[in-house]
Amino acid sequence: MIDVIHFYRVEDLDAVSHFYGEVLDLPLDKDQGVCLIYDCHGHGKIGFCTHHPKQPAQATCITFVYDTKEAVDAMHAKVKPHVKSLGEPTVNEQFRIYHFFARDHAGLTLEFQVFL
């Protein structure tokens, strides 16, 4: 079995815990003190660490894929009070997706989408 974890450098693990654990409801897989690793409901893992080298937040995008447009709309309403900036859900004809982008507390780009 191969498991992949994508790690991102952040400054504030408390803010990570609140947003990814409580708002997005991702189960915490491991708390390593300087790293929090979340399970994406059996579809991979993401880790947030305070000790990794600084990287530009714009260099990465974490995409969460849902089954329906309604689920994307529900996540839009749910994350709206917790993110720095938020786009409205829209259809992207080129990629045949319905999605929106947001930036979390650390400036990481997040995308919430469904394939059409």
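Quick notes on this one:
- Nearest-ten-degree value, helix 69-79 long axis tilted from longest Cα axis of the chain: 50
- Range in the chain, longest, excluding exposed trypsin sites (Lys or Arg not before Pro) [loop by DSSP; at most 12 other beta-carbon atoms within 10 Å]: 1-53
- Which of Val16, His41, Thr90, positive extreme of dipole for the chain (C-beta unit charges): Thr90
- Placing dummy labels 7 Å off each Cα toward the beta-carbon, the span from His41 to Gln94 is 2.8 nm.
- For the chain, a Gaussian network of Cα nodes joined below 10 Å ranks Pro27, Pro89, Pro81 by mean-square fluctuation, and the top entry is Pro81.
- Dividing the Cα radius of gyration of region 5-115 by its Kirkwood radius returns 0.96 for Rg/Rh.
- Rounded to the nearest 20, the Cβ-based charge dipole of the chain about its Cα centre (Lys and Arg +1, Asp and Glu -1) stands at 320 debye.
- Computed over the chain, the per-residue total of -39500 (n - 2.57) for DSSP H runs of n ≥ 4 gives a 222 nm mean residue ellipticity of -3500 deg cm²/dmol, rounded to 500.
- Its relative contact order, with pairs defined as Cα atoms under 8 Å and 6+ residues apart, puts the chain at 24 percent.
- Exposure proxy ranking for Leu26, Leu116, Leu13, Leu36, based on other Cβ atoms within 10 angstrom of each Cβ and starting from the fewest, stands as Leu116, Leu13, Leu26, Leu36.
- Here the label points at Ala74 and Glu22, each 7 Å from Cα along the C-beta direction, are separated by 2.1 nm in the simple model.
Here, each number is a calculation from the coordinates, and none is a lab measurement. These figures come from a predicted structure and were not determined experimentally. Positions of Cβ are backbone-derived with ideal geometry, glycine not excepted, and every protein chain shown enters the neighbour counts.
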